[in-house]
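Below: one structure, written as structure tokens.
The values are calculated or read from the model by the stated rules, or taken from the named source; none is laboratory data. Computed from a predicted model, the values in this text were never measured in an experiment. Cβ: placed from backbone, ideal geometry, glycine included. Neighbour counts: every protein chain shown.
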Amino acid sequence: MQLISSPLQGFTDYRFRNLHQKYFGGIDVYYAPYIKVQSDLVIKNSYKNDILPENNSVYELIPQLMTKDKYEFVHIAKYTKSLGYKEVNWNLGCPYPMVAKRGMGSGLIKNAELVNEILEFAYSKLDISISIKMRLGYEDVSESFELMKVLNKYPLSSIGIHARLGNQMYKGSVNIQTFNELIKNTHHNIMYNGDINSYDNFLRIKEEMPSVSSFMLGRGIISDPFLARKIKNNSDTLPSNYLELFSEFHSELLSQYSEQLSGDKHIIIKMNSFWEYFKELFPQQEAKKHVKKIKKSKLLSDYNTSVNDLLSTNK
Ligand SMILES: Cc1cc2nc3c(=O)[nH]c(=O)nc-3n(C[C@H](O)[C@H](O)[C@H](O)COP(=O)(O)O)c2cc1C
């Protein structure tokens with residue numbers, strides 16, 4: 001069984017990925033959040049930095065690109081290849097209206113003809129494996145069944161399927177029945193994605209898809225960074241030193257963002273976006289007031305005090 005870290009733009013950057021592997025483990029492959037180009041085919045430094053080999057220490061990293069233009073596709077894929085990557089993943093899942101309404105991300109699923117054109121061009125120009133990350137459609141599941149007929153023509157290395165429609169964004173329930181129907185229509189290597197957010201939930205989902213052996217964990221490894229390790233260990237228990245591990249992980253993450261960002265405000269905003277998820281690791285009633293104080297901190301000194309208070313009340 002393979003566990004994959006599903007990319008989250010703004011969260012699973014190289015800092016998070018490196019530290020996640022160092023402190024928690026359990027993930028076999030990390031997918032990097034998408035890279036886009038500007039209109040002049042320029043790749044911004046922030047995207048470049050995220051996948052530079054010298055910044056990344058995880059066992060396996062696969063970069064992702066987002067485009068609906070065959071020249072951009074080839075340009076970004078060649079760049080990733082020049083860095084030594086053997087595979088690039090194509091984002092056909094992003095649901096944000098600014099992306100999908102422009103026919104990219106999940107907005108491309110219903111345009112099987114264009115996907116075909118891009119893949120045909122890409123395979124003629126590139127010497128790198130290509131994988132896909134998609135949804136069940138943007139508005140209707142029939143879109144993914146049509147798209148699969150096209151995808152079946154190409155030697156893709158895998159297809160990750162987030163079992164929702166694009167217009168659901170990240171809400172509503174995943175549609176496992178349709179996921180199972182869809183994968184009957186392909187021999188590609190399939191990775192399941194969507195709502196694996198606890199050990200029990202993983203077991204339930206896995207049972208419903210006996211032929212699937214690769215699972216992508218997105219938000220679940222931020223709200224419970226130990227989740228992949230629990231799944232690999234076949235046990236829902238946290239390690240006895242989980243607070244120490246989380247505390248060291250948190251300190252290193254904070255210190256790396258403090259180097260990257262300037263001013264308490266920006267650092268705290270960044271860390272608080274993680275706390276929207278990390279708070280799930282502290283369900284105890286008395287933890288709530290500390291989490292509230294963390295979120296309200298204006299100065300890093302207050303932020304640190306509140307994090308320490310939280311971690312010491314949970315000992
Ligand atoms: C804030 C955020 C950013 C995301 N960024 C990406 C991305 O860059 N590329 C991608 O393929 N999916 C992205 N996703 C989707 C996740 O990888 C994943 O498919 C989705 O959250 C469902 O899986 P989960 O329920 O395990 O989180 C993002 C999701 C969120 C919530």
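Contact map, region 151-172: residues that are of a type in the set (Ser, Thr, Tyr) paired with residues that are assigned to a strand (DSSP E or B) and crowded, with 23+ Cβ neighbours inside 10 Å, Cβ distance under 6 Å, separation 6+ or inter-chain. Pairs shown: 158/191. Being under 26 Å from residue 155 (Cβ atoms) and in contact with a helix residue (DSSP H, G or I) (Cβ under 9 Å, 6 or more places away or on another chain) is a property that residue 58 has.
Test residue 170 against the stated conditions and say whether it is in a loop (DSSP other than H, G, I, E, B) and closer than 14 Å to residue 94 by Cβ. In short, yes. Can you confirm whether residue 82 is free of Cβ contacts under 8 Å to residues at least 12 places away in the same chain, within 15 Å of the ligand (Cβ to nearest atom) and not aliphatic (A, V, I, L, M)? Judged against the criteria, residue 82 is not a match. Summed over region 192-250, the residues that are in a helix (DSSP H, G or I) and among the hydroxyl-bearing types (Ser, Thr, Tyr) give a count of 4.
Within region 205-231, residues that are under 20 Å from residue 133 (Cα atoms) have Cβ atoms under 7 Å from residues that are near the ligand (Cβ under 9 Å from one of its atoms) and among the small types (Gly, Ala, Ser) in these pairs: 216/6; 216/160; 217/5; 217/6; 218/6; 221/5, counting only partners at least 6 apart in sequence or on another chain. Taken together, the criteria exclude residue 123 from residues that are in contact (Cβ under 8 Å) with a residue 40 or more places away in the chain and either hydroxyl-bearing (Ser, Thr, Tyr) or in a helix (DSSP H, G or I) (or both). Do we have any residue at all in region 109-117 that's touching a strand residue (DSSP E or B) at 6+ places or on another chain (Cβ under 8 Å), in a helix (DSSP H, G or I) and within 15 Å of the ligand (Cβ to nearest atom)? No. Within the set 241, 234, 189, the sole residue that is away from the ligand (no atom under 14 Å from the Cβ) and at positive phi turns out to be 234.
Among residues of region 102-130 being over 24 Å from residue 4 (Cα atoms) and charged (D, E, K, R), the one that is surrounded by the most Cβ atoms within 10 Å (Cβ to Cβ) is 110. Cβ-Cβ distances below 8 Å connect the following pairs, each with a first residue in region 1-25 that is free of Cβ contacts under 8 Å to residues at least 40 places away in the same chain and more than 15 Å from residue 227 (Cβ to Cβ), a second residue that is within 8 Å of the ligand (Cβ to nearest atom) and among the aromatic types (Phe, Trp, Tyr), and a separation of six or more residues or different chains: 9/34. Restricting the first member to region 232-249 and to residues that are acidic (Asp, Glu), and the second to residues that are at pLDDT 95 or above, the beta-carbon pairs closer than 6 Å and six or more apart or on different chains are 236/199; 236/230. Residue 133 fulfils the conditions (1) surrounded by fewer than 20 Cβ atoms within 10 Å (Cβ to Cβ); (2) among the charged types (D, E, K, R); (3) in contact with a strand residue (DSSP E or B) (Cβ under 7 Å, 6 or more places away or on another chain) except for a single criterion, (1). Note on region 155-186: residues that are away from the ligand (no atom under 14 Å from the Cβ), closer than 23 Å to residue 87 by Cα and either β-branched (Val, Ile, Thr) or crowded, with 16+ Cβ neighbours inside 10 Å (or both) amount to 4.
Checked against the criteria, residue 228 does not count as crowded, with 16+ Cβ neighbours inside 10 Å, aliphatic (A, V, I, L, M) and modelled with pLDDT under 95.
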